[in-house]
Each structure stands twice: as C-alpha cells, then as structure tokens.
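Take a look at the structure below.
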Amino acid sequence: MAKLSIILPSYNEEQNIANTSNVLSTLLEEHQIDYELIFVSDGSKDATYSEILKAAEANPNVKGAEFSRNFGKEATIFAGLQLAVGDACIVMDCDLQHPPTVIPQMWALWQEGYEVVEGVKSSRGKESLAYKLSAGLFYKIMSKLIKMDMNASSDYKLLDRKVVDVLLGLKEHNTFFRALTFWAGFHTTTVEYEVQERLYGESKWSVLSLMKYAISNATSFSTLPLQLVTVMGMVSVLFSVVLGIQTLVKYLLDTAVEGFTTVILLILIIGGFIMISLGIIGHYIARIYEEVKGRPKYIISKVTENVQGNIVGRG
Ligand code: UDP
Ligand code: MG
C-alpha cells in the first residue's frame, strides 16, 4: 500500500503539535490512507520537541526530529524530506493554516498520476496590512526575477518520491523550496485552498525577516541584480557624455569657472552607484563563499525512536 509522508516544520509550536497530530491522523485514518507525520522542530525554545515525543508515543505513525539550533523553515522542509519514507510527501505548516481538508484531494490527484500538486492560495487569510503589503511586494519582485507567478504559490504541496529524490540530490545550500518545485518540472497540477487563521501561537515572520528572506531567495534564484550594475554603469556613461559636452563648450567659451554644484552632485551620484554596485557584487560573493564552504543545511540533534538509520548530526 502506498504511503503518504506529511512534513510539518515546527518552530516554537508547543500549542499546536498535539492538536495538529490528532486532526491529521483522524482525517487520514478516515480516508484510509497509510501515513506518517514528521514534525521537524527548528531548534524551538519552548516545549515543542517534548510535545512531539508525546505525540510519537501516543501514535506510532508520528516521527520527529529536533535541530541543534534554529536553521529556518527551508532547512526543516529538507530535513523532513530526508526523513520521509513515503511514496509521496506533503509539506504543510503545523499551525493548520494550510487546511488539512485539501490532503485527500492532493492524494487523489497523486493517484491519478500527477507528480507535483501545488497548493495555491485563493485568499491570503487575515493578515496585518503591513504583512500584506510587504508580502505583496515580495511576491511581485520574486515573480519578476524568477519569471514565475509566485503570488498565489505556497509551501503547501505534494511531491512524488521521484521529485523528492531530485530535490534531495541538489547540492546547493541556499534553497528556495517554493520555486524549486517549479524548476524541477514534472507532471504538475494545482489545488486551491483558503488560508486559515492560526489557532494557537503567533506568526514567526516579521517585516524585516520577510525582507531578508526576499533578498536571499531573489539572489539564490536569479542573477538579474548583477545586471543592474551594468544598467547603472550605462546611466553614468550617458550622464558623463551630456555633462562632458557641456563642460567642453563652457571651456571653449571661456566661462568655465562656476559649476561646483555639478561637481558635488556628480561625485555623490557616481559614489552612490559604485557603492550599490559593490554591495550587489559583494552579496553574490558572500553567497558563493557560503556555497563553497559546503556546510550542511541543518544539524539534527535528536530524533524520535521510530526514525530509522543514523541521522543525528547529519544534514
Ligand atoms: N517555521 C520554522 N522555522 C522558522 C520559522 C517558522 O520551521 O524559523 C515554521 C512554523 O512553525 C510554521 C511554518 O514554518 O509551521 C510557517 O510559519 P508561520 O506560521 O510563523 O508563518 P506564516 O503562516 O505566518 O506565514
Ligand atoms: Mg502560519
């Protein structure tokens, strides 16, 4: 019988683990789907991992792991995929903002032969205005940069074992799961879902962390910002031609004394362009540096007893 693995990134989610585990197991048993739930605690500072242990004791289909520190949601997704033994994997938030009712639909589509089932948001749920604006801008920029419509996409998706193995085989350190499944291709379809409200706890994202996430993902998926440097260079050249002619004309007409304002402005503009360009290039060098070091994406410090193999300390 085919098995479904559900991967649930959990960072400081002590209030959600027991409830989510119950809701999902009830649902899956109702639909007679053979399953495992994999909670990956992202170096939580609260009782998340002991809640996972409790859930695993109550239900042998529940597995879990704890990171040695907070590595971010991307890392938890990849750790979960690594631990999963199912023929298909679903990644979903453990706060149940991704409605579990969609799971049977995804499963049915997978049985029809689809290899990737993307969850698409039909609404973004109740989020603060600042969050909506920053998330909106983030997706606009991202969609432009990686040439895919990211606005409605999310981390809620089902992947066939083949796709999981492709993703696990990637050597890159800075991954962007949401876009990687588009990149990987395969026979893909979508299901729509309404983003639910969080029952317990609060969102882990601040505007600042979202911005960092945006920059890191944009640069891990696109080299377009580097071309911005070229564009700035061309703008500078254009300016210098115009101003160069003006300066020469003034010199020839013997009126070349004034013009301090122009000099100051030029120094400021060109200085600004150079600094920004260096910043962009520096950012990419930093990314190369990180990738070259080849450190693991995450470090697992503990796993529940039912996890097979020696996975502790690896990533
Ligand atoms: N998460 C994580 N590591 C982090 C931040 C978040 O594993 O550093 C998990 C979190 O536990 C949740 C999911 O990622 O299951 C989505 O986070 P959250 O609900 O805070 O984001 P939102 O739904 O508000 O976008
Ligand atoms: Mg959430």
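Odds and ends about this structure:
- Positions within region 78-94 being surrounded by fewer than 24 Cβ atoms within 10 Å (Cβ to Cβ) and near ligand 1 (Cβ under 9 Å from one of its atoms), in sequence order: Asp93
- Search result, residues across region 72-97 that are within 15 Å of ligand 2 (Cβ to nearest atom) and either of a type in the set (A, V, I, L, M, F, W, C) or at pLDDT 90 or above (or both): Thr76, Ile77, Val91, Met92, Asp93, Cys94, Leu96
- Matching residues in region 43-70 - criterion: being assigned to a loop (DSSP other than H, G, I, E, B) and closer than 24 Å to Arg161 by Cβ: Asn59, Pro60, Asn61
- Here region 5-23 is the region considered, the condition is being touching a helix residue (DSSP H, G or I) at 6+ places or on another chain (Cβ under 6 Å) and assigned to a strand (DSSP E or B), and the residue that is farthest from ligand 2 (Cβ to nearest atom) is Ile7.
- Tabulated pairs, region 55-84, first closer than 16 Å to Thr20 by Cβ, second within 16 Å of ligand 2 (Cβ to nearest atom) and assigned to a loop (DSSP other than H, G, I, E, B), C-beta under 8 angstrom, 6+ apart or interchain: Lys73/Tyr11; Lys73/Asp42; Thr76/Tyr11; Thr76/Asp42
- Restricting the first member to region 97-110 and to residues that are over 12 Å from Tyr35 (Cβ atoms), and the second to residues that are among the aromatic types (Phe, Trp, Tyr) and at pLDDT below 90, the beta-carbon pairs closer than 6 Å and six or more apart or on different chains are Pro99/Tyr193; Val102/Tyr193.
- Scanning region 201-225 for residues that are part of a loop (DSSP other than H, G, I, E, B) and within 16 Å of ligand 2 (Cβ to nearest atom), we see that the one that is farthest from Cys94 (Cα to Cα) is Ser206.
- Of the residues making up region 236-252, none is outside any helix (DSSP H, G or I), of a type in the set (Ser, Thr, Tyr), surrounded by 13 or more Cβ atoms within 10 Å (Cβ to Cβ) and in contact with a helix residue (DSSP H, G or I) (Cβ under 8 Å, 6 or more places away or on another chain).
- When we screen Leu145, Leu133, Leu137 for residues that are surrounded by fewer than 19 Cβ atoms within 10 Å (Cβ to Cβ), farther than 30 Å from Val62 by Cβ and at pLDDT below 70, the only hit is Leu133.
- Identity of the residue in region 192-208, near ligand 1 (Cβ under 8 Å from one of its atoms) and exposed (fewer than 15 other Cβ atoms within 10 Å of the Cβ), that ends up farthest from the chain's Cα centre (by Cα): Glu202
- Meets criteria (surrounded by 14 or more Cβ atoms within 10 Å (Cβ to Cβ) and aromatic (Phe, Trp, Tyr)) for Phe260: no
The values are calculated or read from the model by the stated rules, or taken from the named source; none is laboratory data. These figures come from a predicted structure and were not determined experimentally. Note that each Cβ is placed from the backbone with ideal geometry, even for glycine, and that neighbours are counted across all protein chains shown.
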